[in-house]
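Student: Have a look at this one.
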Amino acid sequence: MQNESDIQRLSYFTLSQSHEPFFWIDEEGTIEHVNPAAMKLSGFEYHAIVGTKIYDLHPYENEAIWKERWLRLKKEKRIVFEKSQPREDGTFIDIEVAQNYVEFDGYAYTVSLVKDKTQENAIRNKLIESERRLSTLMSNLPGMAYRCLFDKNRTMEFVSRGCEKLTGYLPNELMNNKILAYQDLIHEADRNSVWKQVKEKVTQNKPFQIQYRITTAEGEEKWVWEQGTAVRNENDEIIALEGFITDISDIKKAEQELIEKEKIVRELKDKLQEETVYLQEEIRLSSNFEEIITKSPKFRKLLKDIEQVASTDSTVLIQGETGTGKELIARAIHNNSNRYSNDYPTKYR
């Protein structure tokens with residue numbers, strides 16, 4: 001560089017060619033100069049913006065606001081703030097303003113570097129809204145969402161607020177095994193089986209669904225249902241498990257009650273079947289021999305023989321004198337036989 005003039009020209013050229021918007025503003029708030037990037041950002045042509053009061057470009061700012069900001073800048077020499085700024089077409093953009101206090105030829109100025117934060121803020125707002133929705137969703141889930149290491153302790157890196165209702169422990173008491181590991185909550189009789197099932201599915205790159213018992217902080221035993229899957233890195237290595245755990249104690253209780261009721265029904269059915277067979281036998285004997293009344297042991301034996309013969313297809317010859325009950329015996333045989341649905345033979349009538 002030859003002299004200070006050359007340095008100033010280089011500085012001016014550099015700022016003019018910069019892709020970052022610059023505004024030169026005097027103590028009164030008058031815009032003295034802008035670079036092309038500032039014109040592009042604001043939407044104003046050079047002649048339309050230079051000479052304008054900076055606060056006149058904003059519907060919610062005025063001279064008093066500018067003076068207050070200037071006094072702060074003069075004291076601190078550099079201030080940074082964000083605001084929403086209208087463009088020439090009436091649309092608003094979010095900007096970050098870095099104002100620097102300088103004095104030149106006896107006059108004070110601010111050289112303001114402006115960054116367009118519209119897209120960044122939109123992404124941030126979407127992220128905030130997404131996190132809010134996720135937080136609301138997880139708060140209303142009837143259980144606990146989690147992320148844990150793929151280790152036998154199931155070391156929790158994150159658990160949702162539903163953890164307290166499910167386990168009796170606060171989320172931070174389970175995270176990083178602060179109070180105890182999640183594995184320690186699992187019923188001792190179920191631990192090995194749970195870990196075996198998780199490893200089996202995860203190594204097959206499949207999601208897992210398991211049911212097991214846990215013991216809460218209050219000592220209560222609960223049945224839970226868990227669904228989870230492995231999270232892998234770019235090298236296909238398992239770095240975590242993510243999933244959801246919910247209380248199914250009421251379902252298990254209902255299932256057990258149903259099993260017990262089904263057992264009672266089966267027992268009643270078997271008993272009813274026995275009673276039915278017995279009653280049918282009683283009814284059958286009563287129906288078959290209701291017309292025969294006797295106290296004779298020999299005749300009772302005869303009735304038993306008739307019952308046995310009636311169930312066969314053999315021809316039965318009944319002999320006896322008139323008045324000995326041949327008709328009654330013949331009818332009893334017919335009623336107790338497989339031919340009961342047919343008409344009683346006419347020749348017996």
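Student: Which ones in region 202-220 are modelled with pLDDT of 95 or more and not in a loop (DSSP other than H, G, I, E, B)?
Tutor: Selection gives PHE208, GLN209, ILE210, GLN211, TYR212, ARG213, ILE214, THR215.
Student: Residue check: is TRP66 part of a helix (DSSP H, G or I) and touching a helix residue (DSSP H, G or I) at 6+ places or on another chain (Cβ under 9 Å)?
Tutor: yes
Student: Quick one: in region 125-150, of everything that is free of Cβ contacts under 8 Å to residues at least 40 places away in the same chain and surrounded by 12 or more Cβ atoms within 10 Å (Cβ to Cβ), which residue is farthest from GLU82 (Cα to Cα)?
Tutor: Result: MET138.
Student: In addition: Collect the residues in region 265-320 that are part of a helix (DSSP H, G or I), polar (S, T, N, Q) and at pLDDT below 70, keeping them in residue-number order.
Tutor: Those that are part of a helix (DSSP H, G or I), polar (S, T, N, Q) and at pLDDT below 70: GLN280, SER286, SER287, ASN288.
Student: Going through region 128-155 one residue at a time, which ones are farther than 21 Å from ASN233 by Cβ and over 20 Å from the mean Cα position of the chain (by Cα)?
Tutor: Within region 128-155, ILE128 is the sole residue that qualifies.
Student: To continue, here is another question. Between VAL111, VAL97, VAL159, which is at pLDDT below 95, under 22 Å from MET39 (Cα atoms) and among the hydrophobic types (A, V, I, L, M, F, W, C)?
Tutor: VAL111
Student: Also: Taking region 242-264 as the search range and keeping residues that are among the hydrophobic types (A, V, I, L, M, F, W, C) and outside any strand (DSSP E or B), which one is nearest to TYR169 (Cα to Cα)?
Tutor: Filtering region 242-264 for residues that are among the hydrophobic types (A, V, I, L, M, F, W, C) and outside any strand (DSSP E or B), the one nearest to TYR169 (Cα to Cα) comes out as ILE248.
Student: State which residue is nearest to HIS19 (Cα to Cα) when the search covers only region 75-128 and only residues that are out of contact with any helix residue (DSSP H, G or I) (no Cβ under 7 Å at 6 or more places or on another chain) and basic (Lys, Arg).
Tutor: LYS115
Student: Sticking with this one: Every residue in region 221-241 that is charged (D, E, K, R), part of a strand (DSSP E or B) and either surrounded by fewer than 16 Cβ atoms within 10 Å (Cβ to Cβ) or not assigned by TED's automatic domain parsing to the domain that holds ARG161 (or both), please.
Tutor: Matches in region 221-241: GLU221, ARG232.
Student: Considering region 75-86 alone, what residues qualify as being surrounded by 13 or more Cβ atoms within 10 Å (Cβ to Cβ) and either within 12 Å of LYS115 (Cα to Cα) or touching a Phe, Trp or Tyr at 6+ places or on another chain (Cβ under 8 Å) (or both)?
Tutor: Answer for region 75-86, where residues must be surrounded by 13 or more Cβ atoms within 10 Å (Cβ to Cβ) and either within 12 Å of LYS115 (Cα to Cα) or touching a Phe, Trp or Tyr at 6+ places or on another chain (Cβ under 8 Å) (or both): LYS83, SER84, GLN85, PRO86.
Student: Can you pull out every residue in region 130-178 that is out of contact with any strand residue (DSSP E or B) (no Cβ under 9 Å at 6 or more places or on another chain) and closer than 26 Å to GLU200 by Cβ?
Tutor: ASP151, LYS152, ASN153
Student: State which residue is surrounded by the most Cβ atoms within 10 Å (Cβ to Cβ) when the search covers only region 29-60 and only residues that are over 21 Å from HIS19 (Cβ atoms) and of a type in the set (S, T, N, Q).
Tutor: THR30
Student: PHE23: in contact with a strand residue (DSSP E or B) (Cβ under 6 Å, 6 or more places away or on another chain), exposed (fewer than 14 other Cβ atoms within 10 Å of the Cβ) and aromatic (Phe, Trp, Tyr), yes or no?
Tutor: So PHE23 fails the test.
Student: Tell me which residues, restricted to region 163-193, are in contact with a Phe, Trp or Tyr (Cβ under 9 Å, 6 or more places away or on another chain) and not in a loop (DSSP other than H, G, I, E, B).
Tutor: Correct list: CYS163, THR167, PRO171, LEU174, MET175, TYR182, GLN183, LEU185, ILE186, ARG191, SER193.
The values are calculated or read from the model by the stated rules, or taken from the named source; none is laboratory data. Here the structure is a predicted model, which is why all the values come from computation and not from measurement. We place every Cβ from the backbone using ideal geometry, glycine too, and count neighbours over all the protein chains shown.
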